[in-house]
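**Student:** Have a look at this one before I ask anything.
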């Protein structure tokens with residue numbers, strides 16, 4: 001019987017209460033329901049999907065049938081090693097290994113259980129030893145999100161929208177007993193809605209996402225990221241769920257590792273067409289300072305070094321290449337050209353004029369760089385001159401403005417491999433699970449591209465199954 | 001009147017309760033007492049001093065009389081900029097600025113009020129734009145610690161040893177009312193002592209230091225730093241105070257930035273003689289992998305890059321230089337030679353033999369490096385070849401084994417410029433202050449050398465004065 005009838009302290013109850021209706025939360029709800037629990041999903045926005053709905057639909061998985069068909073040798077071990085390298089060794093080993101080992105099975109689950117399909121190709125993203133990034137149709141993760149929501153609804157799981165998490169309810173060192181929300185909340189009005197308490201008979205699952213858009217919280221961890229800094233996230237990507245996990249004694253893990261994408265342009269919202277040209281220009285071209293027209297960094301340094309160097313200039317920098325460079329593009333940059341994010345120029349001087357760069361200084365920078373290319377050695381910044389590199393002498397030239405945007409918050413609350421939230425002594429907090437970007441440790445210092453969907457689905461599903469198996473209150 | 005007589009909930013009380021008797025805690029106690037508060041200092045060990053007692057006695061300060069006498073132009077602005085550069089821009093600006101601006105006055109305070117003296121010279125440590133590191137006699141901070149303790153005792157402040165912090169007492173979102181300790185605690189026996197509650201009528205000041213030796217806590221933030229990794233700290237440098245601040249709702253700040261010293265050797269305990277030779281060999285020599293005899297990193301990269309590269313080899317690496325390199329030493333390395341930490345060899349082959357390096361590979365590495373020195377360009381790792389660098393061809397050769405050790409934990413609980421501990425919304429927690437290594441934000445990603453004493457004294461004194469001015473319970 002429903003405990004709400006017995007306990008006047010709560011307005012309602014469910015076996016499992018999931019907070020957040022993105023990939024992790026809805027995957028959790030599906031598994032908890034399938035394991036026999038009554039489940040309620042709470043979502044603060046007017047519709048489910050969260051930040052997941054704007055995903056680019058790229059999902060890393062190792063050892064899949066598609067890889068076999070395309071002749072790609074891969075393994076969970078190899079993916080695990082790539083995650084650790086990207087994460088600068090800070091990844092919580094058990095969590096990263098869980099993602100790598102379950103990646104192929106989870107991708108298959110989206111096909112078999114949700115009816116997802118993938119393009120008959122693989123992307124080879126930076127930092128991955130082999131092509132293992134599976135691509136959803138039209139390069140968007142929206143279809144996956146919709147299928148997850150439809151699956152949950154088909155199982156009878158209510159997705160309660162307009163429900164803003166105010167409190168995780170825990171007495172002392174005891175079990176997490178439920179939540180207090182503002183029901184009827186209308187984003188972003190903090191005063192909207194009315195308090196409502198919901199008991200979780202077995203467990204609460206926190207799947208509230210990252211905190212890229214939470215200025216106060218992110219500034220404490222990285223004071224450079226003040227208001228006005230753009231992100232690639234939805235505006236609703238804030239920290240209230242994470243704060244609650246910490247307030248009741250959750251272990252903070254690696255909160256100060258906030259990923260800035262160096263490949264983003266101020267000339268488009270979020271990130272869409274810019275990254276592929278940026279990758280090309282970093283390899284077969286250069287980045288120059290907008291005032292001096294000089295290079296400022298090894299363009300092939302890691303993401304963090306690049307983003308920090310771009311950041312320090314305080315304004316958009318310019319990356320550029322020439323016609324021979326453009327011919328080396330792995331992906332077409334037509335869209336970026338059409339949208340005017342990447343611009344084409346007949347001469348370096350025209351490029352300089354368009355971006356307000358000092359023309360003579362830019363010409364000198366390019367001449368100097370071309371000497372390094374010929375010599376195969378860059379004494380200025382130690383850039384590894386790529387095989388097949390050619391001097392930048394062949395018009396037309398192509399340029400794009402760059403400005404780092406906040407992309408992903410690696411840190412969060414600590415969990416174990418069973419998705420149980422850990423306390424400050426690294427012991428599980430009874431009755432509380434978490435999955436997805438609200439957790440920390442999976443990615444260490446830096447998330448490898450296309451591993452986020454994989455992580456959300458894997459730990460969401462674990463949290464759902466485990467929470468349903470709790471003996472509860 | 002003492003509230004303890006009125007309130008049976010507490011075993012005893014004081015206006016201000018300071019937890020930790022290192023630089024920060026005792027400086028706080030002195031100022032609180034001078035401001036008229038009754039003060040009790042709690043220290044878990046058998047004697048005061050904490051980790052501060054093994055300090056190298058180096059104190060950065062900008063704009064001091066000694067700098068003027070020695071003709072060094074410096075300013076608080078310059079020191080602030082250096083702190084920000086070292087901290088990769090992650091420093092909480094207001095905190096770092098407070099340290100820079102009060103550094104000279106605080107140094108003078110140690111002279112005028114404590115009777116400290118300093119050598120008539122300045123060290124120019126890496127990352128500082130000018131020489132501003134003031135040196136205590138015999139390169140030890142023990143005298144300063146003893147003078148602080150004597151000053152506190154002279155003011156009638158009891159230093160209660162064997163008092164282990166178990167709990168900060170806070171009800172809900174209210175004031176921190178006091179502490180629960182284990183009185184009669186004998187380190188490291190967790191079962192020793194008996195519970196005792198102490199009310200803080202005005203405030204508690206947390207000055208419990210860093211967590212370098214707390215394996216469970218540090219591993220959550222940096223999973224590489226498992227048990228057995230050496231530190232330059234005392235074994236008692238653990239996280240119980242920080243955990244308590246977080247448990248009652250304190251803001252975690254940059255916990256995952258843990259400083260590994262790349263200049264440490266496994267052939268001495270902690271760090272003493274190794275760093276000065278390491279600095280020399282990094283500039284005028286090289287670091288080689290113990291198995292391959294090959295270089296592994298730009299030896300002039302930042303501390304973190306260096307330490308990470310050394311770390312990844314999983315074993316001690318070897319740094320080396322030759323006779324001409326040694327002649328460029330800013331500080332004598334006699335002591336390191338005498339102690340056998342640095343060893344001298346007639347030939348490269350002898351050096352290779354002593355350290356188990358492959359002799360031919362080492363010789364090839366040195367030949368290759370010498371070509372880079374002559375060319376003024378290092379295509380392998382992008383090292384900036386220093387002005388005046390000469391090829392390594394002049395015996396004797398000098399070598400030292402390197403292995404990173406944990407040195408400092410930059411992160412901690414968040415504070416504002418008034419040393420008030422912040423909660424998860426960045427609002428002050430009533431009745432709670434903190435100072436020193438238990439706090440986060442002053443140093444950002446990386447603490448600049450010799451700024452720790454400065455920080456401890458400055459925020460300790462602020463915490464003492466502010467807490468004494470609290471209206472309290």
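The values are calculated or read from the model by the stated rules, or taken from the named source; none is laboratory data. Given the structure is predicted, the values throughout are model-derived calculations rather than measurements. For neighbour counting, all protein chains shown are included, and Cβ atoms are generated from backbone atoms with ideal geometry for every residue, glycine included.
**Student:** Looking at residue B:275 and the list (1) touching a residue at least 24 places away in the same chain (Cβ under 8 Å); (2) closer than 28 Å to residue B:234 by Cβ, which single condition is not satisfied?
**Tutor:** All conditions pass for residue B:275, except number (1).
**Student:** May I ask you to say which residue of B:78, B:95 is within 14 Å of chain A (Cβ to nearest Cβ), part of a helix (DSSP H, G or I), at pLDDT 95 or above and under 30 Å from residue B:414 (Cβ atoms)? Give the steps one after another, and end with the answer.
**Tutor:** Numbers: B:78 fails: within 14 Å of chain A (Cβ to nearest Cβ).
Step by step, each of B:78, B:95 is checked, and only B:95 is within 14 Å of chain A (Cβ to nearest Cβ), part of a helix (DSSP H, G or I), at pLDDT 95 or above and under 30 Å from residue B:414 (Cβ atoms).
**Student:** Among the residues of segment A:198-250, which ones are closer than 26 Å to residue B:95 by Cβ, in a strand (DSSP E or B) and more than 14 Å from chain B (Cβ to nearest Cβ)?
**Tutor:** A:231
**Student:** Still on this structure, please answer the following. Test each condition in (1) surrounded by 14 or more Cβ atoms within 10 Å (Cβ to Cβ); (2) outside any loop (DSSP other than H, G, I, E, B) for residue B:150 and report the one that comes out false.
**Tutor:** (1)
**Student:** Return the residue satisfying two criteria in turn: it lies in segment A:122-133 and is in contact with a strand residue (DSSP E or B) (Cβ under 9 Å, 6 or more places away or on another chain) and under 17 Å from residue A:447 (Cα atoms), and of such residues it is surrounded by the most Cβ atoms within 10 Å (Cβ to Cβ). First the steps, then the outcome.
**Tutor:** If we filter segment A:122-133 for residues that are in contact with a strand residue (DSSP E or B) (Cβ under 9 Å, 6 or more places away or on another chain), which is where we start, we get A:122-125, A:128, A:130-133.
Remaining after also requiring under 17 Å from residue A:447 (Cα atoms): A:123-125, A:128, A:130-133.
Values: A:123: 19, A:124: 13, A:125: 17, A:128: 24, A:130: 16, A:131: 18, A:132: 30, A:133: 21.
Among them, the one singled out is A:132.
**Student:** Can I ask one more? Specify which of the listed residues (A:249, A:293) is farther than 30 Å from residue A:358 by Cβ and touching a residue at least 60 places away in the same chain (Cβ under 8 Å). I'd like the intermediate steps shown before the answer.
**Tutor:** Details: A:293 fails: farther than 30 Å from residue A:358 by Cβ.
Among A:249, A:293, only A:249 is farther than 30 Å from residue A:358 by Cβ and touching a residue at least 60 places away in the same chain (Cβ under 8 Å).
**Student:** Could you please give the count of residues in segment B:220-257 that are farther than 20 Å from residue A:255 by Cβ and out of contact with any strand residue (DSSP E or B) (no Cβ under 8 Å at 6 or more places or on another chain)?
**Tutor:** Residues of segment B:220-257 farther than 20 Å from residue A:255 by Cβ: B:226-238, B:240.
Now narrow it down to the ones that are out of contact with any strand residue (DSSP E or B) (no Cβ under 8 Å at 6 or more places or on another chain): B:226-228, B:234-236, B:238.
Of the residues in that region, 7 qualify.
To keep it simple, each residue is scored yes or no on (1) buried (at least 24 other Cβ atoms within 10 Å of the Cβ); (2) more than 9 Å from every other protein chain (Cβ to nearest Cβ); (3) outside any loop (DSSP other than H, G, I, E, B).
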residue: A:381; (1), (2), (3): no, no, no
residue: A:386; (1), (2), (3): no, yes, no
residue: A:443; (1), (2), (3): yes, yes, no
residue: A:446; (1), (2), (3): no, yes, no
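**Student:** Would you confirm, using the coordinates I've provided, whether residue B:376 is away from chain A (no Cβ under 14 Å), exposed (fewer than 15 other Cβ atoms within 10 Å of the Cβ) and either under 28 Å from residue B:275 (Cβ atoms) or modelled with pLDDT under 95 (or both)?
**Tutor:** On the way: away from chain A (no Cβ under 14 Å): no; exposed (fewer than 15 other Cβ atoms within 10 Å of the Cβ): yes; either under 28 Å from residue B:275 (Cβ atoms) or modelled with pLDDT under 95 (or both): yes.
Against the criterion (away from chain A (no Cβ under 14 Å), exposed (fewer than 15 other Cβ atoms within 10 Å of the Cβ) and either under 28 Å from residue B:275 (Cβ atoms) or modelled with pLDDT under 95 (or both)), residue B:376 does not qualify.
**Student:** If you don't mind, another one. Output the residues belonging to segment A:388-401 that are more than 10 Å from residue A:285 (Cα to Cα) and either modelled with pLDDT under 90 or in a loop (DSSP other than H, G, I, E, B) (or both).
**Tutor:** A:388, A:393, A:394, A:395, A:396
**Student:** In addition: For the condition more than 11 Å from chain A (Cβ to nearest Cβ), in a strand (DSSP E or B) and buried (at least 17 other Cβ atoms within 10 Å of the Cβ), what is the one hit in B:421, B:366?
**Tutor:** Details: B:366 fails: in a strand (DSSP E or B).
That would be B:421, the only listed residue that is more than 11 Å from chain A (Cβ to nearest Cβ), in a strand (DSSP E or B) and buried (at least 17 other Cβ atoms within 10 Å of the Cβ).
**Student:** So, residue A:351, is that one more than 29 Å from the chain's Cα centre (by Cα) and surrounded by 19 or more Cβ atoms within 10 Å (Cβ to Cβ) or not?
**Tutor:** Yes: the conditions hold for residue A:351.
**Student:** Continuing with the same structure: Looking at residue A:87 and the list (1) modelled with pLDDT under 95; (2) crowded, with 21+ Cβ neighbours inside 10 Å; (3) more than 14 Å from chain B (Cβ to nearest Cβ), which single condition is not satisfied?
**Tutor:** It is condition (3) that residue A:87 fails.
**Student:** All but one of (1) within 26 Å of residue A:122 (Cβ to Cβ); (2) surrounded by 15 or more Cβ atoms within 10 Å (Cβ to Cβ) hold for residue A:332; which doesn't?
**Tutor:** Of the numbered conditions (1) within 26 Å of residue A:122 (Cβ to Cβ); (2) surrounded by 15 or more Cβ atoms within 10 Å (Cβ to Cβ), the odd one out for residue A:332 is (2).
**Student:** Please go through segment A:251-267 and give me each residue that is away from every other protein chain (no Cβ under 14 Å) and closer than 25 Å to residue A:443 by Cβ, ordered by number.
**Tutor:** Answer for segment A:251-267, where residues must be away from every other protein chain (no Cβ under 14 Å) and closer than 25 Å to residue A:443 by Cβ: A:261, A:262, A:263, A:264, A:265.
**Student:** For segment A:280-353, please list each of the helices (runs of 4 or more DSSP H) lying entirely inside it that holds at least 1 residues being closer than 23 Å to residue A:377 by Cα and touching a helix residue (DSSP H, G or I) at 6+ places or on another chain (Cβ under 8 Å). Full working, then the answer.
**Tutor:** Details: elements: A:303-312, A:323-326, A:334-338.
Qualifying helices (runs of 4 or more DSSP H): A:303-312, A:323-326.
**Student:** Okay, moving on. Within segment A:96-121, work out how many residues are under 18 Å from the mean Cα position of the chain (by Cα) and surrounded by fewer than 17 Cβ atoms within 10 Å (Cβ to Cβ).
**Tutor:** 0
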